[in-house]
1. Could you identify the single residue in 50, 30 that is crowded, with 18+ Cβ neighbours inside 10 Å, assigned to a loop (DSSP other than H, G, I, E, B), touching a helix residue (DSSP H, G or I) at 6+ places or on another chain (Cβ under 6 Å) and modelled with pLDDT of 95 or more?
2. How about the stretch 78-108: which of its residues are touching a residue at least 12 places away in the same chain (Cβ under 8 Å) and assigned to a loop (DSSP other than H, G, I, E, B)?
3. Does residue 244 satisfy the condition of being in contact (Cβ under 8 Å) with a residue 12 or more places away in the chain and within 21 Å of residue 24 (Cα to Cα)?
4. Just to be sure I understand, how many residues within the stretch 261-292 are surrounded by 18 or more Cβ atoms within 10 Å (Cβ to Cβ) and assigned to a loop (DSSP other than H, G, I, E, B)?
5. For the stretch 109-181, give me every one of the strands (runs of 3 or more DSSP E) that falls completely inside it and has 2 or more residues that are in contact with a helix residue (DSSP H, G or I) (Cβ under 8 Å, 6 or more places away or on another chain).
6. Among 222, 210, 258, which is in a strand (DSSP E or B), modelled with pLDDT of 95 or more and on the phi < 0 side of the Ramachandran plot?
7. Return the residues of the stretch 136-157 that are farther than 16 Å from residue 173 by Cα and in contact with a strand residue (DSSP E or B) (Cβ under 7 Å, 6 or more places away or on another chain); say none if nothing qualifies.
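The values are calculated or read from the model by the stated rules, or taken from the named source; none is laboratory data. All values derive from a computational prediction rather than experimental measurement. Backbone-built Cβ (ideal geometry, glycine too); neighbour counts: all protein chains shown.
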């Protein structure tokens, strides 16, 4: 345990101007996704309740950036600073102020929030990863398919498999790896898949020392380690944060750090920043139980 505790979990040097904990305040925001915006030096968060994307400053103040009637609830969010875009997965779980049944990927101007593309597909687009060319690889935990959305907003099927299907939430968190593959976690079973982009149908299961049951958001750190949030929102998973490493190109992986239970309830997603890796708790446990909360927490690992 002492050896695990000695592993640096941030993956980047500390930054004097970024707090370890950001306590956000906004009326019933309930963010599920979080991203770092290097152009603003601030976080962006989604909203299961309002279907928006908002800017969160280090003092916890919140300002809406994207608000489009097409989005009932928003989930995973990422910044493509090179192309001046913010992308967000959207769907309708019946928990938002708006009810419309749409699911897909929204692409907006990073600076103005203006809509560039609204790409409908899947049953419940949830999370996605971006590659350097701006392509998005999207999970649909209600189906059996991984999708690709290119920079022009065109959607295609990357890979479909019965191994991705289930009766509950299945494929969830996803990251792009510079080795030319995706790492994708299955929420209900804790399985981690390695999907080569040159031959997606030849995907394989990463052999883990312990399954990632309740695996939600993931983030690939600059040092090559994988940070993973798990929660108990819809599974037997534990509310925890962990870091995994691999020495064989993610054929296998082992856990090198873990914090459980995490100080904040039901953590969902992660963002890598110049100050380290941060986990989001948007109090989805409260929202799913029929209530609302006006606070959320972004905490450094």
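1. Every option except 30 fails the conditions.
2. Hits for the stretch 78-108 are 84, 92, 93, 95, 96, 97, 98, 99, 100, 101, 102, 103.
3. no
4. 10
5. 145-149, 155-160
6. 258
7. 149, 153, 155, 156, 157
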